Amino acid sequence: MSLSASPRLAATTDRFARPSATTFIGTFLALALVIWSFSGSELSAEKLIRGVPYMGNILGRMFPPDLSRLDSILWSLATTFQMAVSGCVLGLILSFPLAVLAAEGLSPHPIVRTLARGLIAFFRTVPDLIWALFFVIAVGLGPAAGVLALMIDTIGYAGRFFAEAMEETDKGPREALSTIGASKTGLIFSAVVPNAMPSFIATSLFCVEKATRASVVLGLVGAGGIGVELKVAFDLFDYDTALTIILAVFALVVAVEQIGGSLRRRII
């Protein structure tokens, strides 16, 4: 065998090396988890085949879309977008100080950092629909509950990435400012924030896109916006109106994503 073939053989041997006992057990448990998940989902080819005619019936009743209530639908869609922007802006504003407390090297104490990270994780872990239900009970039906739910959801998302962005900034300017006696606030706004600003902008734009999609679903639980119209349309089997609402939501989400992508390319 030539010497040039030896490295290739060694690479192949390494790639297909016998797995360790830990790797084998982990792979077996992962496969078992997948099989167990499918068995509990009760998904079957029989159900899919049986459901095809029903899906075809619903799609047939959706076309053509009913445009008679387009003015009302667009007004509700505007309310949905207002909810998304308001909740996102409030969440981004509150995310920054919480992210500072959660960032390593900027937090005043390790306990404060742990508590801040725990709060951010809690906001991110609880689904936005749960927050919407909570605020519907607290402040009543309507867009206000949706705005508050989106605010909490944005804090959980942006707080984490803001903190990570500040932790990843170059520590050189921070150390230089510290040596000349700069305050913690001056250090943050003079060295950390300017370096992390591109990441802040990207995260904020993603939050707007995320809030726009989430605001549609929040209306299903009474948090205002176009989701209420969509729920009523399906409850009344008014599928052609439901299709109009779905197309309007699709156009809004695509427009927000395109504008956000264009802004990211220009700013960053």
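Over the chain, what percent of the accessible surface lies on carbon and sulfur atoms, probe 1.4 Å? Of all accessible area on the chain, carbon and sulfur atoms account for 70 percent.
GNM on the chain, alpha-carbon springs under 10 angstrom: the most fluctuating residue among G225, G26, G105 is G26.
Here the Gaussian network model covers the chain, with springs between Cα atoms less than 10 Å apart; of P194, P19, P108, P19 fluctuates the most. At full extension, D170 and T125 could sit 13.2 nm farther apart than now, given 0.36 nm per residue minus the alpha carbon distance. Taking only the alpha carbons of the range 70-267, we obtain Rg and Dmax values of 19.5, 70 Å in that order. Computed from label points 7 Å out along Cα-Cβ, the spacing between R266 and I35 is 5.5 nm. Among M62, M151, M83, the largest mean-square fluctuation in a Gaussian network model of the chain (Cα springs under 10 Å) belongs to M62.
Between L74 and V139, take the C-beta separation as r, use R0 = 22 Å, and let me know the FRET efficiency to the nearest 0.05. Using R0 = 22 Å, I get an efficiency of 0.30. Relative to one another, the C-alpha centroids of the range 91-109 and the range 24-41 are positioned 39 Å apart.
If R0 is 25 Å, the Cβ-Cβ spacing of T179 and H109 corresponds to a FRET efficiency of close to 0.65. Length gained on full extension, L220 to E42: 61.5 nm, using 0.36 nm per residue less the C-alpha separation. Across the chain, C-alpha contacts under 8 Å between residues 6 or more apart give a mean separation that, scaled by the residue count, equals a relative contact order of 25 percent. In plain terms, the chain is cut at each of the GluC sites (Glu not before Pro) found in a DSSP loop with at most 14 other Cβ atoms within 10 Å, and the longest leftover piece is 169-268. Accessible surface calculations at 1.4 Å, restricted to protein heavy atoms, place the range 70-267 at 49 Å² per residue. Using the Kyte-Doolittle scale, find the helices of the chain whose mean hydropathy is at least 0.0 and whose Cα atoms extend 27 Å or more along the helix's long axis, counting only whole DSSP H runs. The qualifying helices are 21-41, 70-102, 143-167, 193-218, 239-267. Starting from the Cα of D240, move 7 Å in the Cα-to-Cβ direction to define the label point; list residues of the range 48-88 whose amide nitrogen is under 11 Å from there. Of the residues in the range 48-88, 61-69 have backbone N under 11 Å from the label point off D240.
The values are calculated or read from the model by the stated rules, or taken from the named source; none is laboratory data. From a predicted model like this one, the values you see are computed outputs, not experimental measurements. Cβ: placed from backbone, ideal geometry, glycine included. Neighbour counts: every protein chain shown. Each accessible area value is taken on the protein alone, full model and side chains, heavy atoms only, with ligands, DNA and RNA left out. Shrake-Rupley method; radii C 1.70, N 1.55, O 1.52, S 1.80 Å.
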